[in-house]
Amino acid sequence: MAEEEFFPPLFFPDIVPDPPTLLTHFFDPVTKEYAGSAMIPPDQPTPESATKVEPMPSRTGFAIVWDGSDYWNMLKDCRGQTWYDAQGNPVKITEIGDPVDIGLTPQPPPE
């Protein structure tokens, strides 16, 4: 019977394993809009404008917005578009939300 070779376990004292991390999801502190995700150490407290709750996938024309306590909402996002009020005046949309909710229409009213 052949004698088996012995290989000691490898030990690299200069290589330190990465500490464990948790995926954290960040949002804008003013608009609460999803801003991105990053890994942070589990012993670091969750920042005020972050949560461990994973957001839903994004969709064109919508913004992912944190509700402030438990979950993410998908809200219509028309920022940068021009809508019209009841008098036909153009209104540049600057905030997240459905412009219909404030009485605007995507087309000017007929004359």
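The values are calculated or read from the model by the stated rules, or taken from the named source; none is laboratory data. If you're wondering where the values come from, they're calculated on a predicted model, not measured in any experiment. All Cβ positions, glycine included, derive from the backbone under ideal geometry; neighbour counts span all protein chains shown.
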Would you please list the contacts, defined by Cβ atoms under 9 Å and residues six or more apart or on different chains, that run from a residue in the range 62-82 that is outside any loop (DSSP other than H, G, I, E, B) to a residue that is surrounded by fewer than 18 Cβ atoms within 10 Å (Cβ to Cβ) and among the basic types (Lys, Arg)? Phe62/Lys76; Ala63/Lys76; Ala63/Arg79; Met74/Arg59; Thr82/Lys92
Output yes when any residue across the range 24-34 is basic (Lys, Arg), over 14 Å from the mean Cα position of the chain (by Cα), surrounded by 11 or more Cβ atoms within 10 Å (Cβ to Cβ) and not in a strand (DSSP E or B), and no when none is. no
Would you check which residues across the range 44-78 are closer than 10 Å to His25 by Cα and among the charged types (D, E, K, R) and list them? Lys52, Glu54
Counting only residues in the range 97-107 that are part of a loop (DSSP other than H, G, I, E, B) and in contact with a strand residue (DSSP E or B) (Cβ under 8 Å, 6 or more places away or on another chain), the one nearest to Ala35 (Cα to Cα) is identified as Asp98
Can you name the number of the only condition in (1) closer than 30 Å to Thr21 by Cβ; (2) in a loop (DSSP other than H, G, I, E, B); (3) polar (S, T, N, Q) that Thr94 fails? (1)
So Pro90, is it out of contact with any Phe, Trp or Tyr (no Cβ under 7 Å at 6 or more places or on another chain) and exposed (fewer than 12 other Cβ atoms within 10 Å of the Cβ): no
Answer from Ser37, Ser58 - the residue that is within 11 Å of the chain's Cα centre (by Cα), hydroxyl-bearing (Ser, Thr, Tyr), surrounded by 12 or more Cβ atoms within 10 Å (Cβ to Cβ) and under 23 Å from Gly97 (Cβ atoms): Ser58
Unique residue being of a type outside the set (Lys, Arg), in a loop (DSSP other than H, G, I, E, B), at pLDDT 90 or above and more than 30 Å from Gly80 (Cβ to Cβ) when the list is Pro55, Pro8, Pro45, Pro13: Pro45
